[in-house]
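Let me begin by presenting the structure, written as structure tokens, before commenting on it.
The values are calculated or read from the model by the stated rules, or taken from the named source; none is laboratory data. Keep in mind the model is a prediction, meaning the values are calculated, not measured. Note that each Cβ is placed from the backbone with ideal geometry, even for glycine, and that neighbours are counted across all protein chains shown.
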Amino acid sequence: MEDFSWGRAEGQLAVDIIETPSELIIRSILAGVLEKDLEIHATHDTVTIKGVRTEPFIPAHSVTHYAECFWGAFSRTIILPCSIQTNSPQAELNNGILTLVVKKAPPGGAVKITPTVV
């Protein structure tokens, strides 16, 4: 079997986004991903989850009949439905499920700008 891993694109995560009156909850299944292989970044309107799922050892001289699991690098940038506070996110990786909880930013973040007449 030929190795086409050089042309493999990153995998993309499936996510759930739940909104409560005060926070957003983002969940994703990350079975087989170690905490050290996971990065999470947030801005006021996006969250990016990146990582690597390492393929387990495959014995030499074996034949793979199905290869449906994704192994390798993955990432997902999520545009959030509202602004968030980036100073107090909480992330938990429990039994292969990532749960990220972020507080929503207070409404009214817009600022009026008055141009100077020159």
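Each row is one residue, and each column tells you yes or no for (1) of a type outside the set (S, T, N, Q); (2) under 27 Å from Pro106 (Cβ atoms).
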position: Glu23; (1), (2): yes, yes
position: Ala31; (1), (2): yes, no
position: His44; (1), (2): yes, yes
position: Gly51; (1), (2): yes, no
position: Glu55; (1), (2): yes, no
position: Gln90; (1), (2): no, yes
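Only one of the listed residues (Lys50, Lys36) is at pLDDT 90 or above, of a type in the set (Lys, Arg) and within 23 Å of Ser83 (Cα to Cα). That residue is Lys50. Taking every residue in segment 3-24 that is loosely packed, with under 13 Cβ neighbours inside 10 Å and pairing it with any residue that is at pLDDT 60 or above and in a loop (DSSP other than H, G, I, E, B), at least 6 positions away or on another chain, the pairs with Cβ-Cβ distances below 7 Å are Glu19/Pro81. When the residues of segment 28-57 are filtered to those that are closer than 13 Å to Ile17 by Cα and touching a residue at least 60 places away in the same chain (Cβ under 8 Å), the one that is surrounded by the fewest Cβ atoms within 10 Å (Cβ to Cβ) is Ile29. Screening segment 77-89 for residues that are at pLDDT 90 or above and either more than 17 Å from Lys50 (Cα to Cα) or in contact with an Asp or Glu (Cβ under 9 Å, 6 or more places away or on another chain) (or both) and picking the one that is surrounded by the fewest Cβ atoms within 10 Å (Cβ to Cβ) gives Ile79.
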